[in-house]
Every structure is written in structure tokens, then in C-alpha cells.
1. Hey, for a label at residue 106 modelled as a point 7 Å past Cα toward Cβ, could you say which residues of the stretch 139-164 have their backbone N under 11 Å away?
2. In what sequence do 133, 149 fall when counting other Cβ within 10 Å, fewest first?
3. Give the order of 223, 23 when sorted by the count of other beta carbons within 10 angstrom, beginning with the fewest.
4. What share of Cα pairs, in percent, lie more than 28 angstrom apart in the chain?
5. Exposure proxy check: 171, 101, 241, 132 ranked by fewest other beta carbons within 10 Å?
6. Suppose only helical runs count, i.e. DSSP H with n ≥ 4. What mean residue ellipticity at 222 nm does that imply for the chain under -39500 (n - 2.57) per run, divided by all residues and rounded to the nearest 500 deg cm²/dmol?
7. Quote the relative contact order of the chain in percent (integer), defining contacts as alpha-carbon pairs under 8 Å separated by 6+ residues.
């Protein structure tokens, strides 16, 4: 019996070791290119063929002599506008899909996944043809509208799941106690939706600021986004300022993700404390 238990324990340890090695390989495959980019952003060698020495001059040049910051600001403005519009429209749409019954509801639910599964090249060409048909000029408004188009389905999917998991009896209890629908939405429904809203904002912002293909189709000459600019620079070779800027962006996104997790944890703890106080 003891030998059998020992063999089982040995097999379990071997399996755990194999899974650990596999996990390390997978995470290395995902994050090693980012780590190399971050390291070479401090390299004192322009072509990054080899490590020459540590320097911060590329960061200094990025914020003093480079025009990449200008394109970064354009991308940030587009991402913020697209995020705000998408979250508002997507939340309202998800609320209607979950709380109301109407004809063609199943068709609408299925159509939400079309912009998600359709290749970006196809969506970019379709939007470009639509803009030409309605004589809409290319530029900042066109990019924002395009980003809203492919961000809304993600918001609806996230918020629909959040709404489906909510207990409607809490809202009914609020109205039974005398609150109207507006007060109930502001003081009861909206706080329960905040985790989904934060996740939707982070998703939309990331998708918008990272988009290349669709922005390349609908961007005008004066509204080039940062990813499109970097794509054009690849033809002549990337400068170290791009590595520095990408490192800054990765850092900002990591901080945003961390703040999002902290906010959701605080909201969850607040909800638990309310329940404990109630009982």
C-alpha cells in the first residue's frame, strides 16, 4: 500500500513538474518579446543589433525631439472618445437585450458577433466604402466612428453577462421602498454595473489604441494614429524611440490594469461589508 501511494505521489510530482515547465515555456513565448523590447529601449546602440551599454537618451529624445508623442496624443484622444461612446451605447444596448423582450432579439444577439469574427481588413474596407458613399471625409471623426463600431460588440457582450448575473429583486426592493426608476438606476443598478463598466472601458481603450488595420483605411493625412505611424516606419527601420515609447505604453497599460483590479476588489469588499452590516 505504501509503495502504491509512493508511486502515485511520484507521478503527481512528475506531472506538476511537467505542467510547470510547460507554463514557463508558454509565458516565455508570450512575454519574452516584450521583455527584449523593454531591455533594448535602454540600449546605447541605434540599430539594436547587440547590447552596447545602458542609456536613457532615447527616452529623452522621445519627449524632446521626436514627433511620436504627437501621434500618441492623437491615439489617446481617439481611444478616450471611442471608449466613452462605446461604453455608453453598449451598456444601453446590453440593458435592452437582457431586460426586454422584442422580435428579432435572437438575430440581434447573433449579429453582435459579426464585427468580432469578421477580419479587420474586411471591416476596414466596408467602413471606407460606407464613408465614401455618404461623402464623409476621412480623419479624426471617421477613426472614432470606426473604433466605436468594433468596440460596441465587446461592451455589449461584457455588460450582458454582468446584467444576466445581477439579482433584479434588489432593484424591485428599491422601488418597493419608494425609489423611482431613475433613483434606483443611479443608486442601485449603476454601482452593481461598475465592475463591468470598468472592464469594458479597459477593453475598448486597449482595442482602440492598438488598432492598425482599420485606422490605416479611414485615417486622413492629418489624423494618423501612432500604430499607423509605426507601421510606416517599419519600411525604413524602427528607431530606438519606438522601443522607448512602446515601453512607456506597456507600463501605462499595466498600471491601468492594476488600478482596474484594485477598483474591482474594493467594490467587491464594499459589497461584502454592506451585506455583513445588513445581517
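1. Under cut-off, by backbone N: nothing.
2. 133, 149
3. Ordered from fewest to most neighbouring Cβ atoms within 10 Å, 223, 23 come out as 23, 223.
4. More than 28 Å apart: 55 percent of the Cα pairs in the chain.
5. 101, 132, 171, 241
6. Counting only the DSSP helices, I get -26000 deg cm²/dmol.
7. Numbers: 236 pairs, mean separation 78.8, N = 279.
That works out to 28 percent.
Read-outs throughout are calculated quantities, based only on the coordinates presented, and are distinct from any laboratory measurement. Computed from a predicted structure; not experimentally measured. Using ideal geometry, Cβ is built from the backbone for each residue, glycine included, and neighbour counts are taken over all protein chains shown.
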